[in-house]
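Colleague: Okay, handing you the structure first.
What follows is calculated from the coordinates using simple rules that are stated; it is not laboratory data. Computed from a predicted model, the values in this text were never measured in an experiment. Cβ coordinates were reconstructed from backbone atoms using ideal geometry, including for glycine residues, and neighbour counts include every protein chain displayed.
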Amino acid sequence: MPSIIEIDHLTKRYDSGTHALDDVTLDIREGEILALLGPNGAGKTTLISIICGQVRSTGGTVRVGGHDIASDWRAARKLIGLVPQEIALEPFEKVIDCVRFTRGLYGCPPDEAYVEELLRSLALWDKRDARTRELSGGMKRRVLIAKALSHRPKVLFLDEPTAGVDVALRREMWEVVGRLRESGVTIILTTHYLEEAEQMADRVGVINRGKLLLVKPKAELMGEFSRKHLRIELSEPLAALPGPLAGQGITLSGDGRHLGFDYDISAERTGIARLLSQLAEQGIAVRDLETKQSSLEEVFMSLVEDER
Amino acid sequence: MNFRAIRTIYLHEMSRFFRTIWQSLASPVLSTVLYFVVFGAAIGGRIQSVEGVAYGAFIVPGLMMLTILQQSVSNASFGIFFPKFSGTVYEFLVAPTGWIEVTAGFVGAAASKAILIAAVILLTSFFFVGVHIAHPLWMLGFLVLTSVSFSLLGFILGLWAKNFEQLQIVPMMVITPLVFLGGAFYSASMLPPFWEGVARLNPVLYLISGFRWSFFDIADVPVKVSLVAVGIMLLICLGLIRWIFATGWRLRE
């Protein structure tokens, strides 16, 4: 897939000396969903803000659809839609007028058919004449998405789209993003909810302290870094862990019925075979085995820990 | 240039004005009627004329100027402050719109509202006094230039203000005193020489003088000086706005 956004050695240093972005280079491909993961203050919002024009960089270049965001900013910005982290809407404005206003700001002629299609796709058509202050939190977020899509951008930035929202609303947002992906819009979302990246992204970028630590396809990333947890159910409970099993990272549950063991699936020797033979040697009968894939959260924590 | 963005901002701002058209017009018209009753009928009855013009008519340009300055500043400052307050100002920064388009939209709307209200005041004054306009085109020119210049000033104020209190304080503490001391209700030549000298330091005196000249052909200062004064103010305000957008001061914080 061709690149829609090319970020080259992007740097942002504030007057205070803080390095918000440190030599970030990244290509974003057309039609993909890229999740930028990172803790608070990692530089995710700064990166988005620079690409969208809210913040100026102190070094490096960004091209959107081949247009430099500094020298050819009008053409670059026409290709971008931004859904900000905070809900920012004029409270007394009607939903449909909000969308028309943004469309006008982008220099697009009125297109009522498209506005209707957009509002219907986001389940807002019935609320088109409602004032934005009358809407629920989920509807307000959808209005922000409608505004961001009002000029048919090729790239949509979602800055923490589900920050501070309940579980039901988060799932609703995931559905909306899923439908947008089908329409061919490139989506870049920032989040510190790893579950969100796991659910939606094609590729995941991990950013911390202004540095882009890596960008990889989600599956590859999880495959490379993931660990698994082996849970062994015993036929008879144990009072304590037998001596030969101690010091190998094996844990015994409080009721003595389960043993736990973490292992790296990419390692040449996982240690499972040795553990099972040790159990047999000790005469400990195994009733059942269960393995669990570690989450992206653990992958992420492992990367950020390495950075420290 | 993104002309459609200018039109969008302009119409959006004007729609706010027309949504509350009666409040927008009733308040200045009521104030003007009160000024005519107090200064025109009650006090003006004891003043024969000022430089050959009946006092009731003499104060019409000053009253119009008072309204234009107050309305221009408050409309433009509120217009840009409200998106800052509600957080929607980000839209102007991420859209393909430069400082010229954003300023033209907000300032154009603020100036239009001020001119509309000034026109209503002029119409109201016809019910109280006979007003003859000596130079109608110049009058219109001064009206537009002044409302645009002070809308630019209001726009700067709205960009600067961090809260509603700051938004109110400049019109209340600076604009109104300058208009009252700038000869809205008297000619600077009526003052003692020392105070006349002080009054000439007030930039609003030049606006009111030029505007009054367009009505009655009489002025405290030459009309060219008035024009230059408005022109300088306009250029300074434009320069400041350009600087604010270039640096992001109070806009990208």
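Colleague: Based on DSSP H runs of at least 4 residues, each adding -39500 (n - 2.57), what is the mean residue ellipticity at 222 nm of the protein assembly as shown after dividing by all its residues, to the nearest 500 deg cm²/dmol?
Modeller: -16000 deg cm²/dmol
Colleague: Going toward the positive end of the dipole of the range A:149-255, with +1 on Lys and Arg Cβ and -1 on Asp and Glu Cβ, which of A:H229, A:P153, A:I187 do you reach last?
Modeller: The residue sitting farthest along the positive end of the dipole is A:P153.
Colleague: OK, next. Could you run the Karplus curve 6.51 cos²θ - 1.76 cosθ + 1.60 with θ = phi - 60° over the range A:281-288 and give me ³J(HN,Hα) per residue in whole Hz, x for Gly and Pro?
Modeller: Once θ is set to phi - 60°, the couplings for the range A:281-288 become 4, 7, x, 8, 7, 9, 8, 7 Hz.
Colleague: Once the other residues with Cβ under 12 Å from the Cβ of A:P84 are scored (Lys, Arg +1; Asp, Glu -1), what is the net sum?
Modeller: Overall, the nearby charge balance is -1.
Colleague: Please list 3J(HN,Hα) in residue order for the range B:227-242, calculated via the Karplus relation 6.51 cos²θ - 1.76 cosθ + 1.60 where θ = phi - 60°; whole Hz, with x for glycine and proline.
Modeller: 5, 4, 4, 5, x, 5, 4, 4, 5, 4, 5, 4, x, 5, 5, 4
Colleague: While we're looking at this one, here's another question. Among the DSSP beta bridges whose two residues both lie in the range A:3-223, what percent are antiparallel, rounded to the nearest 5?
Modeller: Roughly 55 percent of the beta bridges in the range A:3-223 run antiparallel, per DSSP.
Colleague: For A:D97, what charge total do you get from the other residues with a beta carbon under 14 Å from its beta carbon, if Lys and Arg give +1 and Asp and Glu give -1?
Modeller: Local charge sum for A:D97: +2.
Colleague: Something else: Need the full-extension length gain, A:E134 to A:A70, defined as separation in residues times 0.36 nm minus the C-alpha distance. One decimal, nm.
Modeller: Roughly 19.2 nm would be gained on extension.
Colleague: With a cut-off of 18 Å, note down the residues of the range A:225-245 whose backbone N falls inside the zone around a label point 7 Å from the Cα of A:R274 toward its beta carbon.
Modeller: A:228-231, A:242-245
Colleague: Next question, about the same structure. Using a 10 angstrom Cβ neighbour count of at most 15 plus a DSSP loop assignment to flag exposed chymotrypsin sites (Phe, Trp or Tyr not before Pro), which longest range of chain A is free of such sites?
Modeller: Answer - A:93-308.
Colleague: For A:E236 and A:H9, FRET efficiency with R0 = 45 Å and r from the beta-carbon atoms, rounded to 0.05?
Modeller: E(calc), rounded to 0.05, equals 0.15.
Colleague: For the protein assembly as shown, take the alpha-carbon Rg, divide it by the Kirkwood Rh, and send me Rg/Rh.
Modeller: Ratio of gyration radius to Kirkwood radius: 1.18.
Colleague: Which one, A:G256, A:G59, A:G205, has the greatest fluctuation when you compute a Gaussian network model over chain A with C-alpha springs under 10 angstrom?
Modeller: The residue with the greatest mean-square fluctuation here is A:G256.
Colleague: Within 10 Å of each Cβ of A:70-77, how many other protein chain Cβ atoms are there on average?
Modeller: Per-residue shielding by partner chains comes out at 2.
Colleague: Hey, another quick one. Check A:L36: other-chain or 5+ apart residues with amide H under 5 Å from its amide H, H built from backbone geometry?
Modeller: Long-range HN contacts for A:L36: A:L189, A:T190, A:T191, A:G205.
Colleague: List the residues whose amide H sits under 5 Å from the amide H of A:I5, counting only those 5 or more places along or on another chain, with H placed 1.01 Å from N in the peptide plane.
Modeller: A:I28, A:G65
Colleague: While we're on this one: Average partner chain C-beta neighbours within 10 Å, per residue of B:95-105?
Modeller: Average neighbour count from other chains, rounded to a whole number: 4.
Colleague: Hey, got the dipole for the range B:3-247? About the Cα centre, +1 on K and R Cβ, -1 on D and E Cβ, debye to the nearest 20?
Modeller: 380 debye
Colleague: Springs between alpha-carbon pairs under 10 angstrom, Gaussian network model over chain B: which of B:Y186, B:Y90, B:Y55 fluctuates most?
Modeller: Fluctuation is largest for B:Y90.
Colleague: At R0 = 56 Å, how high is the FRET efficiency between B:S86 and A:K292 if r is their beta carbon distance? Nearest 0.05 is fine.
Modeller: That gives a FRET efficiency of 0.75.
Colleague: What size of dipole, in debye to the nearest 20, comes out for the protein assembly as shown about its Cα centre when the only charges are +1 on Lys and Arg C-beta atoms and -1 on Asp and Glu C-beta atoms?
Modeller: So the dipole magnitude of the protein assembly as shown works out to roughly 1700 debye.
Colleague: Output the 0 to 90 degree angle, nearest 10, between the alpha-carbon long axis of helix A:167-182 and the longest principal axis computed from the alpha carbons of chain A.
Modeller: The angle comes out at about 70 degrees.
Colleague: Under a 5 Å amide H to amide H cut-off, with H placed in plane at 1.01 Å, what residues pair with A:L82 once short-range neighbours are removed?
Modeller: A:F157
Colleague: Find how much the distance from A:R56 to A:R171 grows on full extension, using 0.36 nm per residue of separation minus their present alpha carbon separation; answer in nm with one decimal.
Modeller: 38.0 nm
Colleague: Between B:V225 and A:R29, how many nm apart are label points set 7 Å from Cα along the C-beta direction?
Modeller: If labels sit at B:V225 and A:R29, their model points lie 7.3 nm apart.
Colleague: Just want the answer: with Cβ charges of +1 for Lys and Arg and -1 for Asp and Glu, which residue in B:V94, B:I21, B:I121 is farthest toward the dipole's positive end in chain B?
Modeller: B:V94
Colleague: Further question on the same structure: Quick check: net charge around A:T61, other residues with Cβ under 10 Å of its Cβ, Lys/Arg +1 and Asp/Glu -1?
Modeller: -2
Colleague: Kindly express, to the nearest 10 degrees and within the range 0 to 90, the angle between helix A:112-121's C-alpha long axis and the longest C-alpha principal axis of chain A.
Modeller: Once rounded, the angle reads 20 degrees.
Colleague: Considering the dipole of the protein assembly as shown built from charges on the beta carbon (Lys and Arg +1, Asp and Glu -1) around the Cα centre, which of A:Q85, A:T58, B:M1 is farthest to its positive end?
Modeller: Towards the positive end, the residue furthest out is B:M1.
Colleague: Counting other beta carbons within 10 Å of each Cβ, put A:E32, A:E117, A:E268, A:E112 in order, fewest first.
Modeller: A:E268, A:E112, A:E117, A:E32
Colleague: Karplus couplings for the range B:163-177 from phi (6.51 cos²θ - 1.76 cosθ + 1.60, θ = phi - 60°), rounded to Hz, Gly and Pro as x?
Modeller: 8, 5, 5, 5, 5, 7, 5, 5, x, 6, 8, 10, 5, 4, x
Colleague: Given the pairs A:K154/B:K113; A:K12/B:K84; A:K44/A:K228; A:K78/B:K162; A:K127/B:K162, which span a C-alpha to C-alpha distance of over 26 angstrom in this model?
Modeller: Those over the limit are A:K154/B:K113; A:K44/A:K228; A:K78/B:K162; A:K127/B:K162.
Colleague: Let me ask something else. With the Cα gyration tensor of chain B in hand, give its eigenvalues times 5 under a square root as the equivalent ellipsoid semi-axes, listed largest first in whole angstrom.
Modeller: 33, 19, 16
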